[in-house]
Amino acid sequence: MKKTALLLIGLVLSASPLAASNSGLAADIAFQAQDRIDKGYHLGTVIGVIDRNGPRYYGFGRLSLEGNAKPDENSIFEIGSITKPVSATLMAILDGSGDILLQATAADFMPVLSKSADPDGAISITDLLNHTSGFARDPLDIDAEDDHRFQNYSLDQFHQFLAGYKPEAKPGSYSYSNLGYMIIERAVEQSLETDFETLMHKRLLEPLMMSDSHFAVPDEKQPRLVTGFRQGAETDALDLGHYSSFGGLRSTAQDMLHFIGAQIGVYKTPMDAAIKETQRIRLRDGKKVLALGWEVMERHESGKTLYFHRGGTNGFVSLAAFDLENQKGVIVLVNGRNWFSDLGFRVLDASYPLKEDLPSIAGS
């Protein structure tokens, strides 16, 4: 453990600071990142790249409408559903330690499921992580169009919903579900008698030196929070109430490259076996290829295989992606509300097309 920490420290200390000129980034990617800001799609963007030479960071635009400060590797963004592969990695760690097995029946850890949602005991923890449980995207007793729908959704309401819930779909096929991660979060907390964030910090974030990653950002780090941006205006901060495991993490480009660096083997960690478990292909459903918490893109144009996850909240979008074979990864953090994950995919695969000639929406 001590040797691992020292290795991580050495790599972090050798990291390149944010390049003022962004000259280390391919010219077409740098142009598109800035052009989309100029056209009103995004307010700011940080792109972090890691390979065997270590991490590099490239910043564009602004942290907020009020000033001209540029976001950098220490700026704290909402990363939305990129939280899911982080949570899936934690579950793989718990599987390795025998605390909660990935193939265990979910109802064993959350008995309310056995009353209606999973009466046959067919749904495993893996199904919940991989969106193959057959469960709906969100609980059906909340407004799916409300960005703050979980803010006041109590645990009692959640348990009452599950007690009467009957899924329309059978487990086994892919259907994206935040609900699955909500169930996992509650199952972990009930079974291990600790809150999910405390467990994540102890078992995953601290060993990976992800000291700026939080569900609830401490007061002393609030000045580094980036402000969300959508349709020309700033947005309110995300509040998921009791349910943060599917999309509530705030993090920095530097922290996320620690996570991605561990994924590609640049950083050796105590949880390497668990990380490898998350990378094993679990499902092929048409064009959808899933590992554990990761989607997998098999690029016929280049022959590359890219693991990735996108994230989005009311005022942010993001991408985490990596190429295992070539040991290269990327994080794209944006305060804006348009995906444009092409910026990150292009970093990993020069054949991936960029969206060009976009119309301006500034002032609209």
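Key figures
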read-out: Residue within the stretch 117-132 that is closer than 20 Å to V289 by Cβ, over 17 Å from the mean Cα position of the chain (by Cα) and charged (D, E, K, R) present; value: yes
read-out: Residue in the stretch 278-290 that is open to solvent by less than 50 Å² (accessible area, probe 1.4 Å) and within 30 Å of R230 (Cα to Cα) present; value: no
read-out: Residue within the stretch 323-343 that is of a type in the set (V, I, T), outside any helix (DSSP H, G or I) and farther than 19 Å from F229 by Cβ present; value: yes
read-out: First in the stretch 121-134 and in contact (Cβ under 8 Å) with a residue 40 or more places away in the chain and among the charged types (D, E, K, R), second anywhere and part of a loop (DSSP other than H, G, I, E, B) and buried (at least 24 other Cβ atoms within 10 Å of the Cβ), Cβ under 7 Å, 6 or more apart; value: D127/S133
read-out: Matching residues in the stretch 133-142 - criterion: being within 23 Å of the chain's Cα centre (by Cα) and either in a helix (DSSP H, G or I) or among the acidic types (D, E) (or both); value: D138
read-out: Some residue of the stretch 166-181 being at pLDDT 95 or above, aromatic (F, W, Y) and closer than 21 Å to G121 by Cβ; value: yes
read-out: So F316, is it under 25 Å from Q34 (Cα atoms), without any contact (Cβ under 8 Å) to a residue 60 or more places away in the chain and either aromatic (F, W, Y) or surrounded by fewer than 24 Cβ atoms within 10 Å (Cβ to Cβ) (or both); value: no
read-out: Failed item in (1) surrounded by 24 or more Cβ atoms within 10 Å (Cβ to Cβ); (2) more than 17 Å from L205 (Cβ to Cβ), with T105 passing the rest; value: (1)
read-out: Single unsatisfied condition, S360 versus (1) loosely packed, with under 15 Cβ neighbours inside 10 Å; (2) under 23 Å from L25 (Cα atoms); value: (2)
read-out: Where a residue in the stretch 22-35 is outside any helix (DSSP H, G or I) and its partner, wherever it lies, is modelled with pLDDT under 95 and polar (S, T, N, Q), with Cβ under 8 Å and at least six apart; value: G24/S16
read-out: Flag if F322 is within 16 Å of the chain's Cα centre (by Cα), open to solvent by less than 50 Å² (accessible area, probe 1.4 Å) and closer than 18 Å to P55 by Cα; value: yes
read-out: Every residue from the stretch 60-113 that is assigned to a helix (DSSP H, G or I), under 25 Å from L43 (Cβ atoms) and either modelled with pLDDT under 95 or among the hydroxyl-bearing types (S, T, Y) (or both); value: S81, T83
read-out: Qualifying strands (runs of 3 or more DSSP E) (wholly inside the stretch 273-322; at least 1 residues being aromatic (F, W, Y)); value: 305-312
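The values are calculated or read from the model by the stated rules, or taken from the named source; none is laboratory data. Since the model is a prediction, treat every value here as computed from it, not as a measurement. For neighbour counting, all protein chains shown are included, and Cβ atoms are generated from backbone atoms with ideal geometry for every residue, glycine included. Areas reflect the complete protein model, heavy atoms only, side chains present, ligands, DNA and RNA absent. Shrake-Rupley method; radii C 1.70, N 1.55, O 1.52, S 1.80 Å.
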